[in-house]
Every structure is written in C-alpha cells, then in structure tokens.
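Below you'll find the structure, written out as structure tokens, and then a few comments.
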Amino acid sequence: EVSDVPAVPEWLPGHLDADGVESLYPPQAAAVEAGVTEGESLVASIPTASGKTLIATLAMLSAVKRGGKALYIVPLRALASEKKAEFEQFEQYGVDVGVSTGNYDSDGEWLAKKDIIVATSEKVDSLVRNGAPWLAQLDCVVSDEVHLVDDPTRGPTLEVTLAKLRSRNPGLQIVALSATIGNAGELADWLDAELVDSSWRPIDLRKGVHFGQALHFDDGTQEQLSVQGNEKPTAAIVRDTLRDTVEDGETVEEGGSTLVFVNSRRNAEAAARRLANVVSPELDGDELAALADVADEIRDVSDTETSDDLADAVEKGAAFHHAGLSPGHRELVEAAFRDRLVKCVCATPTLAAGVNTPSRRVVVRDWRRYSGDAGGMQPLSVLEVHQMMGRAGRPGMDPYGEALLLASSHDELDELFERYVWADPDPVQSKLAAEPAMRTHLLATVASGFADSRETLLSFLDGTLYAAQTDEQGRLERVTDDMLAYLERNDFIERTREGDAERLTATNLGHTVSRLYLDPMSAATIIDGIADADDPSALGLYHLVSRTPDMYQLYLRSGEREQYTQIAYDHETELLGAQPSEFEESRFEDWLAALKTARLLDDWASETDEDRITDRYGVGPGDIRGKVDTAEWLLGAAESLAGERGFGNVQAIREAKKRVQYGVREELIDLADVRNVGRKRARRLYEAGIEDRDQLRNADKSVVLAALRGRERTAETVLEHAGHPNPEMAGVTPDPDAEP
Ligand code: ADP
C-alpha cells in the first residue's frame, strides 16, 4: 500500500491515488523495502515502463520532507523538460522544481532555492566545474538511464560526475535507475548501494519474430497474418494491429497502434509515407477530420519540407519521429499518438529512450545500423532492442503488448530468436579510459580542485566504475600520464615541485577551458587557429569551430569530395590553422567535412532559407538548430579565449557569433537583437529603411506596419521591445499595398 511507505509526505498517497496509483508495483515495493525513502542508495535495474520514475519520486520527496534537496540527472535535454513537467505537479504542495539546461558556464545560483532540480549529466558536470556551492547541500541524487555509462561519448561524463558528487559528500544518497542489464550487481557495488534487479512488467510482453506469413512468439504459439498482394511484412502487421479482433460476431479486442523502429531518419520518413497508405483506408470520418487539424498545426510550426512531409503522413494517420524534428513537431506527434489518432509511428531509436509512448505492438524493423567507426552494418545491442520492445503494451488498455522482429529467412528466424528474443541483457562497461574523455575530465578534476597531484588524481579515479571493473591495473595510469603530458604541453596545467612532492595546478587558460566546458583539444585547435588571424572571416571561424571534437560534423556524400576541395581552394586564404595534406586521406576528409558544416553555418548566417539549407545538406530543421547552437557556444568560447590571450580579433569573433546566432548578415545584427524581430522581419524592416534599433525606436509606425505586412500585434510588440515611446497602433492606417 502506498500509505504504508515510510518517510514520504502525508499528501503523497492521496495524490498518487488520484493519479491511478493505488498500490506499488513489486519492484517499487522492493525499493521501499530496501530503504529508498530512508536515505539508502539504490540501483534499480528493471524493464522499460515498469515504474522507475515513481521510485525516484519516492526517494526525492522523502529527502525534501527531511528538509533536503534532490537532483535528478537525465541523459537528454529533451527528457529534462518532460521530467520537469512531471515533477511540477508537486508544486501545489510547496515543492519547488527547477530545470537547468543551456549555458555551460554559470553556477546556476538561482537553483540553490529549489527542492528538486532536473539537469543533464553534462550540465551537472559543468556546475561542478563552476563550483556551484549548492551542490554540497544535495541529499539525494537520481541518475536516470544509468546504463548509459556504457556509452562511449556520454558515459564517462556521467561516471565522473557521480564520482565527484560522492567524493564531496560521502553520505549522499544515489538512486540509479537502469534498464535491465547483465551486471546490475557490479553497479550496486560501485555505488555502495542496495540492489533491486527485476524483470517484472506491469503488462505481459510477448516477443516474437515475423517470418513468412506468420508471427512466431516466444511462448511457442504462431499467428497467421493476412497479407494483401505483395505488401511488405510491416504493412501487413500495421493493418492487422489496427483491426478489431472479432470472435463469433463480437469484438473481443479493439484495434490498436504500432510503433515501428527503423535505423535512419530517411527510412523513418519513407516508411511513414508508405504506411500512411495502409492506415488511411481504415480510418473513419471523425478520425480523418481530427487528423486534418493536427496536420494543420504541424504545418503552422514551420514552413519546411519536413513539416510538409510530416503533415501529409499525419493526415493519413501515420507519422515519423526522429531527432531531426523540431520540438514543436515532436510534441504534436507524441500527443496525437497517445490520443490514438495517429495509428503508426515510424521512429529512430531516440523514441525508445525515455519518451513515454506505449503502443499495442512494436515492430523492430531494422536490427542493424550503419556504423562508420566499425565499418558497415552492425547489429543493435540487446539492451537497445529490449528498450524498443519494452514500449509495447499500454497498461490498463491492452491485454498484453507484442514486440516483433522481422526475418527474411529461416536462418534469420533462428538467429533473431537467439540474439534478441531469448538473449540475456548485456553487461555495461565503463568507457572512461578512452583518451578524449580522460583529457577532458582530468583537466576538470584538477581545475575544480578535486586533485592537486598525480597521486590524488589516481586515487580519485579509483572511485570510478572503470577502476571497479578493470583487471588491467596499469591502463588507467598509462592513459593518465599520456593525457597529463598533453595538457602540460598545451599550457592547460602546470607541474611544480614543492620539496619532494609534485603539485598539479591548472593554468588560467586551463581554468577557462574547463569552465567553458570545452574539450581541451577543441581549445587548442581554436587557439592555434585564431592566434595569427588579425581579421578572420566568418566562414573561416565557422570552419575552425567545426573542426573541433565538440562539433558534431556532417559527412561528405559521394561526389562531394571534389566539390569541397574546390571550395577549399576558392577560400584558401580565409581558412585558419594548419591544413592537412591531401595525401593524409582521412584527416583531409575530416577537414573537408568541417568545411561542409561551415558552409551550412555560413548559409544560415547569410539569410538563406531554412528550406534551401535542409535540401542542400540533406539535414532536418532540428539539425540546423543543433549546429547553430553548438557554433554559438564554441564561438562564445573562442571569444573568451581570444580575450584571455589578448588577441586583437575579439570583435570579429563576436560578430561571427551574432550572425550565426540570429541567422543574419552583418548589417542586421543590431535589429535582430530586438526581441521578437528575428531574421525575416529584420530584413523587411531594413528594406523599409529602418536600419538599427535606434531607428526602430523612433520609427514612423505606419512604415513599421507596412514592413511587417500589416500585422498590428506584431508591429506593436516589436516597437515595444525596441523601446518605442508609444507602440500602440491605434490611428495608424495599414499600408493598402501590404499583403493581408
Ligand atoms: P519507466 O520505468 O520507463 O521510467 P515510468 O516510470 O514512466 O516507466 O512508468 C510507466 C507508467 O506506469 C507511467 O504512466 C506511470 O504513471 C505508471 N505507473 C508507475 N507506477 C505505477 C503504479 N504503482 N500503479 C499504477 N501505475 C503506475
């Protein structure tokens, strides 16, 4: 019973009851038994959608009740806002919730007053580096999706962050939530935590493989599928799921929806287009009308091809979902799927991690994915496939969920059963000893005062999962020594002698780099590039920041090597830093790929239409946003580094940053800086003769109104933000030539 849980606020049982939670699920009860509401650390390894969030909630609210403060660490920014919205329902009881995303260079002082704080692991890491004092007051830290310590790029940050929080505050409660993994006990040992390791699910999951015209399930049963013409298996499954199950003239089970996982964005879009034609004949008039409304809302979000394609699919009851969608599109798709209007969503694996979108059936269509590093197509991990499968079945609505893989041969049928259906979950393995991670985290550990010598550094590293897992004693020491040498060579740290003892300190530059949250190698690349550049061009700067390991690059497509080699020659004098020789194949290729990224940024900063950019580079609007945000951050960092080193090009760097931030040419920077103006309106105002903020403040209202195409509300808001003395439009006649 919820009311028997010790140490939680009195209002909680009533609140949960109203929310449909009458009793605890067995793993939740086990967590309470283990003392999670009484300050015990816990590792909970349980399947997707089995109520991990409530375990975290119980722990955090009991900490808050004791007068403490809790931190909830999420793996993705998109999940931060979702979790915040979830915890905000407790504000009515006086629990203050804050979310910390965005800038990596502040100590988030305002968060000191919050009871529950939600942040990504990168953000928490940066708060530690900036010495946020309130971190010392934490009582409870929740780490969501902790199995991601296994992730080569993001895992080390999570691992080091947890180690730092614990080393500052030895009594700290850690609640680590994980998908089912093979070595949860090892994680619990590492964190000195109790363990709840369970495979219980609130709703049964039948796993199976489609082969021929039948579904083969793990319980040995088979189900025939009716197939029309030579349609693909996914189409047949989607239709089969949609139709009610009728026995003796009675509906025994209503139709449901299907979530299809594929391995690329392009495949998600193509599959949605095809499956929309399977779904639409099954819809009734009311559903079609409601879907048409959602499609309109989607078109309103932005004026791009992605937006149009998505709306076209949604009109027919299907949709695609991937990280290239803008947040507005994503929310509309997820909501329409939960409302059971959209019957089929084709998604890349991002949707499997954390976003709560259960579905009657899940089809894992592609179980291999292209991997540039490993060369060719690689099978997905068991954990990933199980997370996707775990999205099948809506508790309280479906009798059970079904998750299917697709086989094209008998051998593959056997292989898929072995590999995924029967398979035990994989163990997670620390990736900390990789060089980029060590470079970054060693500098941060020294700069933020967690270690001041090689010995204290090694003893800090001893508290990481890596140390707990490795048998190879020398490895960590060897990588540490290599990376310390690198950091010293680049003037980020200094070694000094005090008698017999050697001391490690961060230089001013090292402190700056750590606070800016840069990979030291990015900082070294940037400094090298701008050191001798008196008047760098925007393209040159965009190329420079695109070459750093902190920018996620575009790839060159076939045939683009020649094109970008030509562009490189045309702009040779603008490009900064050393250029790799054409004979160093892969380095040269990376350098050209960075040029492609730079050109995208330059197009954006030259007011090219979003739609043209998505076309030209084969990316989604969400990708443009991502690149623009990263460039803005890196150029801001470059500006600080230039200032720190006393270079004379700070102004040029700031200008390139502002241009990419607003997506405008130089002359519009001042106007675009006015709230609610943006790149398109700034251009229209400029063409109407209003060239900067001052002129806008003193502008003739009818001119502004005409420039903004007769939109009174917009004109008033814009004038108000520019500081116009009387922004109201009353008495102004709209320009008769203005478009409606
Ligand atoms: P995950 O383990 O993937 O984090 P969630 O915590 O999101 O899963 O839970 C999945 C769903 O189950 C949520 O909609 C949640 O409200 C519901 N739920 C969790 N615990 C209970 C419970 N004890 N009784 C009823 N519903 C619950």
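The values are calculated or read from the model by the stated rules, or taken from the named source; none is laboratory data. None of these values were measured; they are calculated from a predicted model. Positions of Cβ are backbone-derived with ideal geometry, glycine not excepted, and every protein chain shown enters the neighbour counts. Note: areas computed on protein heavy atoms with side chains; ligands, DNA, RNA excluded. Shrake-Rupley method; radii C 1.70, N 1.55, O 1.52, S 1.80 Å.
Sort through Arg201, Arg168 and tell me the only one that's buried (at least 20 other Cβ atoms within 10 Å of the Cβ), in contact (Cβ under 8 Å) with a residue 24 or more places away in the chain and on the phi < 0 side of the Ramachandran plot. Before you say what the answer is, go through the steps one by one.
Numbers: Arg168 fails: buried (at least 20 other Cβ atoms within 10 Å of the Cβ).
Just one listed residue meets the conditions, Arg201.
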>> So for the range 360-379 (the condition being open to solvent by 20 Å² or more (accessible area, probe 1.4 Å), more than 16 Å from the ligand (Cβ to nearest atom), part of a loop (DSSP other than H, G, I, E, B) and among the basic types (Lys, Arg)), does at least one residue qualify?
In response: yes
> Can you pull out the residues in the range 539-566 that are among the small types (Gly, Ala, Ser) and buried (at least 16 other Cβ atoms within 10 Å of the Cβ)?
Replying inline: Gly540, Ser546
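Among the listed residues Ala335, Ala311, Ala319, which satisfies the condition of being within 30 Å of Ser143 (Cβ to Cβ) and either more than 16 Å from the ligand (Cβ to nearest atom) or part of a helix (DSSP H, G or I) (or both)?
Numbers: Ala311 fails: within 30 Å of Ser143 (Cβ to Cβ); Ala319 fails: within 30 Å of Ser143 (Cβ to Cβ).
After ruling out the rest, the residue left standing is Ala335.
I'm trying to understand the selection: among the residues of the range 302-331, which are acidic (Asp, Glu), farther than 18 Å from Asp615 by Cβ and out of contact with any Leu (no Cβ under 9 Å at 6 or more places or on another chain)?
First, pick out the residues of the range 302-331 that are acidic (Asp, Glu): 303, 305, 308-309, 312, 315, 331.
Checking the rest, the ones that are also farther than 18 Å from Asp615 by Cβ come to 315, 331.
Passing the criteria: only Glu331.
Identify all residues within the range 567-597 that are among the β-branched types (Val, Ile, Thr) and open to solvent by 60 Å² or more (accessible area, probe 1.4 Å); write none if there are none.
Taking the range 567-597 as the starting set, the residues that turn out to be among the β-branched types (Val, Ile, Thr) are 567, 573, 597.
Passing the criteria: only Thr573.
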>> Considering only the range 140-147, I want to know if a residue exists there that is within 15 Å of the chain's Cα centre (by Cα) and either over 25 Å from Gln387 (Cα atoms) or open to solvent by 40 Å² or more (accessible area, probe 1.4 Å) (or both).
In response: no
>> Give all pairs with beta carbons closer than 6 Å in which a residue from the range 112-135 that is within 12 Å of Ser100 (Cα to Cα) meets a residue that is β-branched (Val, Ile, Thr) and outside any helix (DSSP H, G or I); count only pairs at least 6 apart in sequence or on separate chains.
In response: Ile116/Val97; Val118/Val99; Thr120/Val74; Ser121/Ile73; Val124/Ile73
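Within the range 387-436, how many residues turn out to be in a loop (DSSP other than H, G, I, E, B), open to solvent by less than 50 Å² (accessible area, probe 1.4 Å) and within 16 Å of the ligand (Cβ to nearest atom)? Can you show your working first?
At the first step, the residues of the range 387-436 found to be in a loop (DSSP other than H, G, I, E, B) are 390-391, 393-400, 407-409, 422-434.
Filter again for open to solvent by less than 50 Å² (accessible area, probe 1.4 Å), leaving 390-391, 393-394, 398, 407, 409, 423, 425, 428, 430, 432-434.
Narrowing the set further to residues that are within 16 Å of the ligand (Cβ to nearest atom) leaves 390-391, 393-394, 398, 425.
Total meeting the criteria: 6.
Please determine whether any residue of the range 121-139 is aromatic (Phe, Trp, Tyr) and assigned to a loop (DSSP other than H, G, I, E, B).
First, the residues of the range 121-139 that are aromatic (Phe, Trp, Tyr): 134.
Now drop any that are not assigned to a loop (DSSP other than H, G, I, E, B), which leaves none.
Within the range 121-139, not a single residue is aromatic (Phe, Trp, Tyr) and assigned to a loop (DSSP other than H, G, I, E, B).
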>> Name the single residue that is farthest from Leu195 (Cα to Cα) among those in the range 33-57 being of a type in the set (Val, Ile, Thr) and more than 9 Å from the ligand (Cβ to nearest atom).
In response: Thr37
> Do we have Leu76 as open to solvent by 10 Å² or more (accessible area, probe 1.4 Å), within 12 Å of the ligand (Cβ to nearest atom) and not small (Gly, Ala, Ser) here?
Replying inline: no
> Within the range 541-571, which residues are hydrophobic (A, V, I, L, M, F, W, C) and more than 15 Å from Gly529 (Cα to Cα)?
Replying inline: Met551, Leu554, Leu556, Ile567, Ala568
